[in-house]
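The values are calculated or read from the model by the stated rules, or taken from the named source; none is laboratory data. This structure is a prediction, so every number in the text was calculated from the model and none was measured. Cβ: placed from backbone, ideal geometry, glycine included. Neighbour counts: every protein chain shown.
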Amino acid sequence: MTEVSNMGRDRLGKGLGALLGEYLEPEATESDVRKLSMESIVPNPVQPRRVFTDAELGGLTSSIRENGLLQPLVVRPAPGIEGRFEIVAGERRFRALRRLSWTEVPAIVREADDETLLVLALVENLQREALNPLEEAEGYESLAQRFDMKHAEIAKAVGKDRSTVANLVRLLRLPISVRKLVESGALTQGHARALLSVDDPVIAGTMAREAAKEGWSVREMERRVAGASRARRKRKPREKDAVIRALEDALRGYLGTRVEVKPARSGKGSIEIQYHGPKDFERLFEQMTGLSVGDVIE
């Protein structure tokens, strides 16, 4: 971690204006504002936010058209690319300016490492409540994975409780189908947290789609999840005894494929043998019978 990052992390939780002045020292003055070509600016490569709605950008575009740009962008020199800049703060403004076909934009250029870039993007969006729960969770996970930050450190950096960060990151365990419904706003974070206790991704996806379609409340989702869990426990098959497991393992080793012994309460049962295509079926047949397939079908 850089010295700037460690100093800045203790100061987060303030407004973004104060944050930019302290985290990206020295504090910007009016003379620091430069005119940069729009073509020289690229979006934040670690921007946690993916969804920018037309309604939101349309409102900001109209405001800038009427009142001008009230706050300059904050950018950093793009690493390894001469004459290019990456956005540190102001992604929404940048997108709105592109809609207005601006060719130049006022900006403040500051040095910033990747950690600073990600933390500031998270804080800026969190202050505007602009991130959906999955975008927020992915931002925290990026900090944890890329910079080896603990949940407590991340919580301090963005001004949240540690439990809030940990609970959001857990949402990333959900199946893709459920995550898409949360990202689109069809399900809330509360719905998603209830589904974390559903082990089967197919069941979780089915319940998520039904909840979105029928407009379940979070309490209703929790009730349905609990009911499904009780039903699964009742249907749970009897655990195999040690002898059955040993014979099952011996059959797998002998046949070289997955074998499952399925005993029934009546004392009867079945043996399921998996094969991987016609050739593998012939191999298993010959191994079990001592006959070739050709001998049998002639």
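Of E115, E86, all but one fail to be crowded, with 17+ Cβ neighbours inside 10 Å, assigned to a helix (DSSP H, G or I) and among the acidic types (D, E); the exception is E115. If we keep just the residues of region 35-58 that are closer than 18 Å to A121 by Cβ and at pLDDT 85 or above, which is surrounded by the most Cβ atoms within 10 Å (Cβ to Cβ)? The residue in question is I41. The residue pairs whose first member lies in region 135-156 and is assigned by TED's automatic domain parsing to the domain that holds V119, whose second member is modelled with pLDDT of 85 or more and not in a helix (DSSP H, G or I), and whose beta carbons are closer than 9 Å, counting only pairs six or more residues apart or on different chains, are A144/K150; A155/D161.
Scanning region 59-77 turns up one or more residues that are polar (S, T, N, Q), surrounded by fewer than 16 Cβ atoms within 10 Å (Cβ to Cβ) and under 23 Å from L117 (Cα atoms). How about region 76-106: which of its residues are without any contact (Cβ under 8 Å) to a residue 12 or more places away in the chain and among the charged types (D, E, K, R)? If the condition is that a residue be without any contact (Cβ under 8 Å) to a residue 12 or more places away in the chain and among the charged types (D, E, K, R), then E82 is the only one that fits. Residues that are surrounded by 13 or more Cβ atoms within 10 Å (Cβ to Cβ) and in a strand (DSSP E or B): does region 267-289 have at least one? Yes; the residues of region 267-289 include at least one that is surrounded by 13 or more Cβ atoms within 10 Å (Cβ to Cβ) and in a strand (DSSP E or B).
Results for (1) surrounded by fewer than 21 Cβ atoms within 10 Å (Cβ to Cβ); (2) not charged (D, E, K, R), shown as yes or no for each residue.
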position: A137; (1), (2): no, yes
position: L143; (1), (2): no, yes
position: R146; (1), (2): yes, no
position: A155; (1), (2): yes, yes
position: P175; (1), (2): yes, yes
position: G185; (1), (2): yes, yes
position: L195; (1), (2): no, yes
position: D200; (1), (2): yes, no
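Among G205, G253, G227, which is under 30 Å from S184 (Cβ atoms), modelled with pLDDT of 80 or more and loosely packed, with under 12 Cβ neighbours inside 10 Å? Of the residues listed, the single one that is under 30 Å from S184 (Cβ atoms), modelled with pLDDT of 80 or more and loosely packed, with under 12 Cβ neighbours inside 10 Å is G227.
For region 122-174, the set of residues classified as in a loop (DSSP other than H, G, I, E, B), in contact with a helix residue (DSSP H, G or I) (Cβ under 6 Å, 6 or more places away or on another chain) and over 23 Å from H191 (Cα atoms) consists of M149 only. Within region 161-170, the set of residues being surrounded by 21 or more Cβ atoms within 10 Å (Cβ to Cβ) and of a type outside the set (V, I, T) comprises just one member, L168.
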